[in-house]
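Asker: First the structure, then my questions, so here it is.
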Amino acid sequence: MDIQKKFRKEQWKMLFITMFCYLFFYTGRHNFGWAAKGMAAELNISFQQIGWISFSMLMGYALGQLINGNLADRFSPKIMILTGGFLSIICNLSISYATTYTAILILWTLNGYFQSMAWGSGSKLISNWWESHERGKAFGFYTMAAGSSSVLTFFMALLLVQQEQSWRTLFRYPILFLLFALLLFLIIARSHPAIKGYTTEANPSSGNIAQKADWKSSYKTVFQNRNFMIASVAIGFQSMARYGLIFWVPIHFLGNNYKESADNLWLTLFIPVGMAIGAVSFGYISDVLFNKNRSKSIRIGMLCSCAVALLIYVIPAPHHALAAVLMFAAGFFVYGPQANFWTLSPDLLGSQLVGTGIGIMNMFAYVFAAVGEPLFGKIIDYTGDTSNIFLIVAVICTVCACIISFVKPQQINNHE
């Protein structure tokens, strides 16, 4: 019993330190949307070019997910996270001193790749420590950390904008928190219970199984799973909608003047707050309200996102209280369903391919998000109206809801 209590304590410790570390990862990625307005003005580049910079980061992230998810199944998730985090810090600092469009484009692409080394690796670490019957809860908390990271990054960016700091400071100050988190993770985290002398009932030799499977067979198994591929396409549209909000909504609320939008600026904070609460909530929503029917939970969430986005688009200048509610609801419903997507990897593929599956699913998510970035930028440049962001998000959410409907609940539950 004493050993069980100690192991339980270690489980939560590993979950929380991984959450804490990832909590600060977005300070090196979601800071770009806040810097875009000042960057465009200083470097005299269009919003379409800004969109291509964001596209390059997302493509770097997507490529990294394809590669690093599989690496996390084979090597130490802890080392993967630390390496990606420290290299991301270097890229951010370099961008803060860059003076050309090309330099920023290249550095932000590399930053995307380095940032991709964390999510799948963290998922693998958590999967190693938590058995199947509790993984839904663990992944819900982990996804909440990602949503909370957006809140933290938005808050830091808002403070810097309010203090009339240069856009360059957005690539310097926030990442100091990531540095601190990485150092704590280095000291506390362990990739597997076996490192601390524990054995788990489920898949005690999973590491050996993963090593026996070659790269080709691992990828082949994932890509041949029809239901997982449908879900991966669906998360692509969900991610496109998510980044439409995260990246372009700050630009929408900054207005024509970069320094004088104080009242509207703070409204944007409700989006990541909604995302964070939605992430942990949808884990329980799918289990309790929809009896573990992940596809139905995701579909309802995305349809609600569509309705909220249309309301924001139709109401031209709502009262601040109403706007805050709508921003929160948009974040809650557009990001919350993502917690249900991640559980599909162990559900449909098994625990040995968690890293590879999540890596491939996340690759789809970021390829689609990357394609959406220059599209959003082009539409804003062409129409001159940033409110069109919400109309596009509504359409994207509807497409996601339709696609996820093809993943049948009984096909998911058979793997639980």
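Quick note: the coordinates plus some simple rules give every number you see, no bench work behind them. From a predicted model like this one, the values you see are computed outputs, not experimental measurements. Methodologically, a virtual Cβ is constructed for each residue, glycine included, from the backbone with ideal geometry; neighbour enumeration extends over all protein chains shown.
Asker: Using the Kirkwood formula over every pair of different C-alpha atoms, what hydrodynamic radius in Å results for the stretch 277-350? Walk me through the numbers on the way to the answer.
Answerer: On the way: mean 1/r = 0.0770 Å⁻¹.
After inverting the pairwise mean of 1/r, the radius is 13.0 Å.
Asker: Another question, if that's okay. Applying the Karplus parametrisation 6.51 cos²θ - 1.76 cosθ + 1.60 with θ = phi - 60° to the phi angles of the stretch 230-236, what ³J(HN,Hα) value in whole Hz is obtained for each residue in order, glycine and proline being reported as x?
Answerer: These are the phi-based 3J(HN,Hα) values: 4, 4, 5, 5, 4, 5, x Hz.
Asker: Could you list, by residue number, the cysteines of the chain that have no other cysteine's beta carbon within less than 4.7 Å of their beta carbon?
Answerer: 21, 91, 304, 400, 402
Asker: Provide Rg and Dmax in Å for the stretch 15-77, with only Cα atoms included in the calculation.
Answerer: In order Rg, Dmax, the Cα atoms of the stretch 15-77 give 15.6, 45 Å.
Asker: Which shape class, rounded, prolate or oblate, goes with the stretch 1-111 when its Cα gyration tensor gives a ≥ b ≥ c as root eigenvalues, a/c under 1.5 marks rounded, and past that a/b bigger than b/c marks prolate? Before the final figure, lay out the partial values.
Answerer: Values: a/c = 3.31, a/b = 2.41, b/c = 1.37.
Cα axes put the stretch 1-111 in the prolate bin.
Asker: Related question: In debye, nearest 20, what is the charge dipole magnitude of the stretch 1-154 about its Cα centre with +1 on Lys and Arg Cβ and -1 on Asp and Glu Cβ, if you could check?
Answerer: Numbers: 12 positive and 6 negative charges, 88 e Å.
The calculated dipole for the stretch 1-154 is roughly 420 debye.
Asker: Would you kindly give the portion of the calculated P(r) for the stretch 284-416 that falls above 17 Å, as a percent of all Cα pairs? List each step's numbers first, then the result.
Answerer: Details: 5684 of 8778 pairs.
Here the tail beyond 17 Å accounts for 65 percent of pairs.
Asker: Right, here's the next one. Okay, helix-only estimate at 222 nm for the chain: each DSSP H run of n ≥ 4 adds -39500 (n - 2.57), divide by all residues, round to 500 deg cm²/dmol; what do you get?
Answerer: On the way: 19 runs with 319 residues, N = 416.
That calculation yields -25500 deg cm²/dmol at 222 nm.
Asker: What are the ³J(HN,Hα) couplings of the stretch 306-312, residue after residue, when phi is run through the Karplus curve with 6.51, -1.76, 1.60 and θ = phi - 60°? Round to Hz, x for glycine and proline.
Answerer: With coefficients 6.51, -1.76 and 1.60, one gets 4, 4, 5, 4, 5, 4, 5 Hz.
Asker: While we're here: Of all the C-alpha pairs in the chain, what % are more than 42 Å from each other?
Answerer: On the way: 7958 of 86320 pairs.
Cα-Cα pairs in the chain separated by more than 42 Å: 9 percent.
Asker: Another question, if that's okay. Determine one quarter of the surface area of the Cα convex hull of the stretch 70-121, which equals its mean projected area, and express it in nm² to one decimal.
Answerer: 3.4
Asker: Between the helical axis of 132-162 and the dominant principal axis of the chain, each derived from Cα atoms, what acute angle in degrees is found, rounded to the nearest 10?
Answerer: Tilt of helix 132-162: around 20 degrees.
Asker: Residue 220: which lysines have alpha carbons under 18 Å from its alpha carbon, excluding same-chain residues fewer than 8 sequence positions away?
Answerer: The qualifying lysines are 212.
Asker: If you don't mind, another one. Could you state, as a whole-number percent, how many of the C-alpha pairs of the stretch 93-157 are farther apart than 19 Å?
Answerer: Details: 1115 of 2080 pairs.
Tail of the P(r) past 19 Å holds 54 percent of the pairs.
Asker: Something else: Compute, for the chain, the length of the dipole vector about the Cα centre, with Cβ point charges of +1 (Lys, Arg) and -1 (Asp, Glu) only. Units Debye, rounded to 20.
Answerer: For this selection, approximately 960 debye.
Asker: Explain nothing, just compute: Karplus ³J(HN,Hα) = 6.51 cos²θ - 1.76 cosθ + 1.60, θ = phi - 60°, for every residue of the stretch 25-35 in order, whole Hz, x for Gly and Pro.
Answerer: Those phi angles translate into 5, 5, 5, x, 9, 7, 6, 5, x, 6, 7 Hz.
Asker: With an 8 Å Cα cut-off and a minimum separation of 6 or more residues, compute the relative contact order for the chain in percent.
Answerer: Working: 736 pairs, mean separation 116.6, N = 416.
Relative CO of the chain lands at 28 percent.
Asker: On alpha-carbon atoms, Rg over Rh for the stretch 58-100 using Kirkwood Rh?
Answerer: 1.09
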